[in-house]
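Have a look at the structure below before the remarks.
The values are calculated or read from the model by the stated rules, or taken from the named source; none is laboratory data. Computed from a prediction, not measured in an experiment: that's the story for all the values here. Note that we place each Cβ from the backbone using ideal geometry, even for glycine, and neighbour counts take in every protein chain shown.
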Amino acid sequence: MTIRSRMGGTRRDTRGVIRASAALLISLVIPGVLLLASPAEAGTASEPGVKSDIKCLKCHSKNRKKTLEDGEELSLHVAKAEYANSVHGEIGCTACHQAIANKKHPSRDPISSRRELSVALNQSCRSCHAENYQQYEGSIHARLVADGNHAAPVCTDCHSAHRVESMEVYQPVTGLPCKNCHENIFDAYAQSVHGGARVNGNVIRPSHIQAPICADCHQAHEVTAVAASDHLTSTCLDCHEEASLAHNEWLPNAGLHLDVVSCAACHAPLAERRVNLELYDNIAQLPVGQHESHAAFEKRLDAIDEANDGLDPVELWKLVRESSQAGQATDITLRGRMEVSSGVDAHRLAVKTSAVRNCDSCHQKGSDAFQNVTVSITRADGRSLRYEADAEILSSIVSVDSVSNFYAPGGTRIKLLDVLLVLSLIGGLAIPIGHITMGRIVKARKKEGEQ
Amino acid sequence: MQTIYAEHSRHDETYINPLPVRIWHWINALGFVLLILTGVQLRYVDLFNVMSFEAAVELHNWVGFTVIANYFIWLGYYLFSDRIKVYHPELDARKFFRTWFQQVRYYSYGIFKGEKSPHNVLPYDKFNPMQMVTYQLVMLVAVPVQFITGIMMWDVKRFEVWVEILGGLRVVNTIHVLMFILFVFFILVHAYMGALGKKPSTHFKEMFTGYEEQD
């Protein structure tokens, strides 16, 4: 517009105007074309790459708002430059807002809430990012969204809606979307051997490869609940390939330890530890809870633990027995595992030399590690439902059957066997002492008789 | 048979325990004591602190395998010699119980009266009925059970199928500890009864020299 009016007002000096216009055209249009051709690379684009988007942004670059059914006002503003610079700047608004292309816009259809809109629009990511979306659908995040959890993230919560950035942006420690929700955990990570190395240029030791960031262990899109499996141990071993052999060199039953003790239980030495006993169906080869509603399980648990004071050994035995009877063709056992008590603790990983290496810290009566005991079922989405249990569960003779697969010599020793050992010792000494005494009495009487 | 017996007899002594049996016995005795001590250490770290848990496990494993290997000296010797007769059970139940009660009566009454043991020790009949039953149970049941459960716990992952068949690690450990409790009792009583020979040193000397003094 400005150029046109200027041209219209300078007819008297046509040559000068043509020269000036040509220079202006070259200086403005050519860089603009170049920027539009590759906005992300250039990083300075101010216009989106698709022509129709200019039309969209005519309205959406203004500070317009729509009142939602829940009363919240939804801003319709899209920052033009940010969008143009995003990796989506060249695909066009309607690539994601597909519904808008097919009907009259602006629509007067009501939107119940910002969350509903985000969840609905989340589907549009699938059309281009099918593989990532499929992984996301199997994640704990997607399951929580499906359960109506408003804090659980959809794609845009991590990637943003209109300033979607390249994956490389997520690599630096400060740029992670994970910490928006998991701030405490992220802080613990940042202080850990991994986080520290990441901040300090990935240097743990000269030969070390890149230190991991959240997605390296937890996956970017297929994020599973930590309790869903023991996959994190194998994740650790993916990088620490030598760890199994290194443990074998000094740790008795190293394979068993790696199975039943989480890496963090020893490698986060300041962490609080606990034993979790997960109800597991040996025949279905599935954790209990995946084929039974947790509500039904909780009902049974409440009936057994009437006092609601945590499961004692007899109550646990009943729970295992009744769980076996409740389903069809089930063989319920408890899979014991020592782990850290919280996600924050799990991320306080220290340098190798600080790891717990003293066997006595677990293998003795009264060890802290065996004072916190929980019994859990694992829901289909991988989340654990934990119930408090008496620490006595680990040292009761009643638990020989119910906790048959978790035992730490010394640490979870059975009290009744201690009593039997003392009796055996007393008996083993009483027989000789009694026999010698008897012999002396008989001898003395014999002597008396002779006298 | 008589020839061998004659060759291995002195004028007032009978050759009861051949060399392989004596070697096995003392290795076994030392092994059992070490296994009990290291077993106590690794089970009761909170009460005893003679060595670290790690060292106790290491020593327990080494001694355990030595005792297992030693068991096969005993088994091999008896399987391939006619001395296995000492372990032949008395199949006549009436006779067995009669002699067994005689022996019990002797240890609980007769010995104080100065009576002679009802069982006469011979190279091919060296165990009295009480010893016979006890040693058969110990050597053919308790010791193998202890070896098997011990090996399973030495490398649980390697033997996890067998551990599972037995009912799980806690079951295996409970059996192992019950046997350990039994052995503690056995060793104390066994050592005492070893002193109930003609003289307190008679049976101990016999286990070193092989010869038992005749009454």
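Of everything in the stretch A:349-361 that is outside any helix (DSSP H, G or I) and touching a residue at least 60 places away in the same chain (Cβ under 8 Å), the residue that is farthest from the other protein chains (Cβ to nearest Cβ) is A:Leu349. Considering only residues in the stretch B:57-92 that are among the hydroxyl-bearing types (Ser, Thr, Tyr) and within 26 Å of B:Phe180 (Cα to Cα), the one that is surrounded by the fewest Cβ atoms within 10 Å (Cβ to Cβ) turns out to be B:Tyr87.
On the stretch given as the stretch B:62-93, residues that are outside any helix (DSSP H, G or I) and at pLDDT 95 or above total 0. Of the residues making up the stretch A:313-330, at least one is away from chain B (no Cβ under 13 Å), touching a strand residue (DSSP E or B) at 6+ places or on another chain (Cβ under 6 Å) and part of a helix (DSSP H, G or I). Of all the residues in the stretch A:230-268, those that are of a type in the set (D, E, K, R) and either closer than 19 Å to A:Asn405 by Cα or within 14 Å of chain B (Cβ to nearest Cβ) (or both) number 3. Being within 7 Å of chain B (Cβ to nearest Cβ), in contact with a Ser or Thr (Cβ under 8 Å, 6 or more places away or on another chain) and without any contact (Cβ under 8 Å) to a residue 40 or more places away in the chain is a property that holds for A:Val400.
If you check A:Leu416, A:Leu385 for being in contact with a strand residue (DSSP E or B) (Cβ under 9 Å, 6 or more places away or on another chain) and more than 8 Å from every other protein chain (Cβ to nearest Cβ), only one passes: A:Leu385.
The set of residues in the stretch B:188-215 being of a type outside the set (Ser, Thr, Tyr), assigned to a helix (DSSP H, G or I) and farther than 13 Å from A:Leu421 by Cβ consists of B:Val189, B:His190, B:Ala191, B:Met193, B:His203, B:Phe204, B:Lys205, B:Glu206, B:Met207, B:Phe208. Look at the stretch B:133-158: where a residue is of a type in the set (A, V, I, L, M, F, W, C) and a partner is surrounded by fewer than 16 Cβ atoms within 10 Å (Cβ to Cβ) and assigned to a helix (DSSP H, G or I), sitting 6+ places away or on another chain with Cβ atoms under 7 Å, you get B:Met152/B:Trp162. Could you please find all residues in the stretch B:107-129 being within 13 Å of chain A (Cβ to nearest Cβ) and either hydroxyl-bearing (Ser, Thr, Tyr) or assigned to a helix (DSSP H, G or I) (or both)? Within the stretch B:107-129, B:Tyr107, B:Ser108, B:Tyr109, B:Gly110, B:Ile111, B:Phe112, B:Lys113 qualify. Annotation note: of A:Asn149, A:Asn122, the sole residue that is closer than 26 Å to A:His182 by Cα, at pLDDT 85 or above and not in a helix (DSSP H, G or I) is A:Asn149.
Just one of (1) of a type in the set (A, V, I, L, M, F, W, C); (2) within 14 Å of chain B (Cβ to nearest Cβ); (3) farther than 25 Å from A:Ile185 by Cα; (4) outside any loop (DSSP other than H, G, I, E, B) fails for A:Ile283. It is (4). As for the stretch B:167-177, it holds at least one residue that is within 12 Å of chain A (Cβ to nearest Cβ), free of Cβ contacts under 8 Å to residues at least 24 places away in the same chain, among the small types (Gly, Ala, Ser) and buried (at least 19 other Cβ atoms within 10 Å of the Cβ).
For A:Glu116, the stated conditions hold: it is within 34 Å of the chain's Cα centre (by Cα) and part of a helix (DSSP H, G or I).
Only one of the numbered conditions (1) within 9 Å of chain A (Cβ to nearest Cβ); (2) surrounded by fewer than 18 Cβ atoms within 10 Å (Cβ to Cβ) is not met by B:His190, and that is (1).
Residues in the stretch B:151-165 that are buried (at least 16 other Cβ atoms within 10 Å of the Cβ) and of a type in the set (A, V, I, L, M): B:Ile151, B:Met152, B:Met153, B:Val156, B:Val163.
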